[in-house]
Amino acid sequence: MAEKLREQQAIPVSKVQRAAKFISTGAKVGGNYVKHYAKKMVNPSMDKEELHSNNASDIYNSLSELKGSALKVAQMMSMDKNLLPRAYQDKFTMAQYSAPPLSYPLVVKTFQKHFGKTPEGIFESFTRSAINAASIGQVHQATKDGKKLAVKIQYPGVADSVSSDLKLVRPFALRLLNMNERELDHYMAEVEEKLLEETDYVLEIERSREISSECGHIPNLKFPIYYDEYSSDRIITMDWIDGKHLKEWLETNPSQKSKNQIGQALWDFYHHQVHNLKKVHADPHPGNFIVQEGDQLGIIDFGCVKVIPEDFYEGYFALIKKDLLIKEEELNQIFYNLEFISDKDTAEEQVYFKGVFKEMISLLGKPFHVDRFDFADDGFFERIFQLGDRISNDKMFKKSRQARGSRHGLYINRTYFGLYNLLNQLQAEVDTTKPEWLK
Amino acid sequence: MESATTKKTAKKDFRKLILEGYKNHVLEHGTAPKSVFKFAKDLKMKEEEFYAYFTSFDSIKSAVWIQIYEDTISQIESQEVFKEYSAREKFLSFLFTWIEELKKNRSFLLSIYGEGSKGMLSLPKEISDFKDKFKDFANEIILEGKETEEIATRPIISDRYDEAMWLQVWFVFKYWLDDRSPRFEKTDAAIEKSVNLAFDLMGKSALDSFLDFAKFIYQSK
Ligand SMILES: Nc1ncnc2c1ncn2[C@@H]1O[C@H](COP(=O)(O)OP(=O)(O)OP(=O)(O)O)[C@@H](O)[C@H]1O
Ligand SMILES: [Mg+2]
């Protein structure tokens, strides 16, 4: 027990992670936008004392075993930029690159397997090395009929190792997230399913097309066209989206008006998906958006799409409503359906958890309670962190031996976290539209 | 004149008949034929006719390996980019293409080498012709790699590089025999990773600086 406590205290819990924790355990697993955090992971200003070095090396050891999809899960799960001391940073960066880019002969072979032709046989030009490396594949640039194209190629064997990689990540997840086994298993199935989907490029194209055609009317959004004849379950060919990644773009000091325009496009994009399509691009991390000339937002990477079941949708957003005018009974039912409380809870626990989740959701729902919300308001994020702090230190949560929050919540929370984070990075003020029934 | 050509084609067909007959026998029975006599009889030929083309069953297996090798080489040489490849890429390209050729004979190879392949420590003797040919190919790559300084020249060790590359070929073969992943994607990954490691080791590295330094210390004692 003492050992356990020491561990828990020694693993630093950053603000973001704390925030995630309280948004239900689901968010702990899912809510991370620090996917590419390896390089930025270490806060140089961090006090060494904060980190028990034994623990750090243990965590590093688990991390270094990770590869491919396991790395992706770890990235997804880690809400924490301050996790490792600088000394481990380099090691970890190396671990991330333990999958070096595909050699050109393998690219050729993959093309031959899927199309019976070499890249040169298909395109007018094709870059010999990748322009961008992603976690499960790499992106080349090609041209055909005067068009610039992006060709994404998946590393071989990734799909096949998802399940075994997830087993690898378990001990790490248990430790880092301070979850118990039951809680973890509750979500692993969902994560595994989604990861497997991410490796299916045919499905990705299908969904990209579906969502981009259904969102085509939203102002200031740009979607690439996808080309079936040069795509397969391991290769995706689409239009090249010229422009800058969000971060690069922000470095050019865009005007507030521009930032609001991009922010609004983002909000509208998510509004339409969540409330009308009931399926959502559930991976809002900065690498998946490109800002183009004229403040247009290019959207790539539909690898992770979450379909929102109707009853989950109703329960979840009913709680976000400004004035919770729902009768106690109804509210109980919603909490029950969302798996925030269960039959196994004592009466005392039920009251406590209902209170906590109500508080948390009303805070998360803040942007929905007004017509226009300024995401530059760090105070809002600060309050989320503080509540997270309070809850994660509460003994009721520590004692609880149950997973809380439905597995669908995992990706929906992750999506909203990501969206809020992006909007905060943008320092954007947006019209926070909502469906009629939520007003 | 006329008869000479017919005889020649007939001869060729005989060789092919034996090769195919042998493969079919292995595929259908899961084992090699019991004896040359029995095998020749099944093919409706005399035993001595068999010996005009092959000296033993092993020499048939050897011919299969050579065929696979030669098909691989003509495949990669037909690719435009091959000439532009670095030594590392050439070796990768060879292995990726070779695996595709092996695939066409997978059941046959599994029947012969699949069972107990883990115990296959020493090299089956029918492989040696293929090994010799491969080493010629490997030495061309190594020579080229040394010219471009992709591969470091080291005393004694660098004479064994061809052997090291051969061991890698054999490793890949055994890995592929056990591979159950769709499209043998895991073998692709194994090729990629092992070749990268090998070339990193053969390339100029800390090892060379170390050797150089050691030599210096030794000589200036
Ligand atoms: N159509 C495109 N036009 C321009 N750049 C692109 C395009 N598609 C991808 N990229 C570049 O490649 C990077 C990785 O692509 P993508 O996000 O699709 O890969 P991924 O395998 O899903 O990676 P991850 O899961 O890490 O996000 C992008 O961040 C972007 O820089
Ligand atoms: Mg991406």
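None of the figures in this text is laboratory data; all of them are computed from the coordinates on show. What you see is a predicted model, and the numbers here were worked out from it, not measured in a lab. Cβ: placed from backbone, ideal geometry, glycine included. Neighbour counts: every protein chain shown.
Using a 10 Å cut-off around each Cβ of peptide A:245-258, what is the average number of partner chain Cβ atoms that fall inside?
0
In Å, what Kirkwood hydrodynamic radius results for region B:57-213 from the alpha-carbon pair distances?
Taking the inverse mean of 1/r over all distinct Cα pairs, region B:57-213 comes out at 16.6 Å.
Between residue B:122 and residue A:331, what is the label-to-label distance in nm when each label sits 7 Å out along the Cα-to-Cβ direction?
8.2 nm
Mind pulling the angle between the C-alpha long axis of helix B:2-29 and the longest principal axis of chain B? Nearest 10 degrees, somewhere in 0 to 90.
Computed tilt is about 80 degrees.
So what is the relative contact order of region A:243-439, in percent, for Cα pairs below 8 Å that sit 6 or more residues apart?
32 percent
On a full-extension model of 0.36 nm per residue, what is the gain between residue B:219 and residue B:167, subtracting their alpha-carbon distance, rounded to one decimal in nm?
15.2 nm
Expressed as an acute angle from 0 to 90° and rounded to the nearest 10, what is the orientation of the C-alpha long axis of helix B:87-103 relative to the principal long axis of chain B?
Tilt relative to chain B: about 20 degrees.
Within 10 Å of each Cβ of B:178-189, how many other protein chain Cβ atoms are there on average?
Shielding by partners across B:178-189 averages 5.
Given the Cα-Cα distance of residue A:276 and residue A:377 and 0.36 nm per residue of separation, how much length would full extension add, in nm?
33.5 nm
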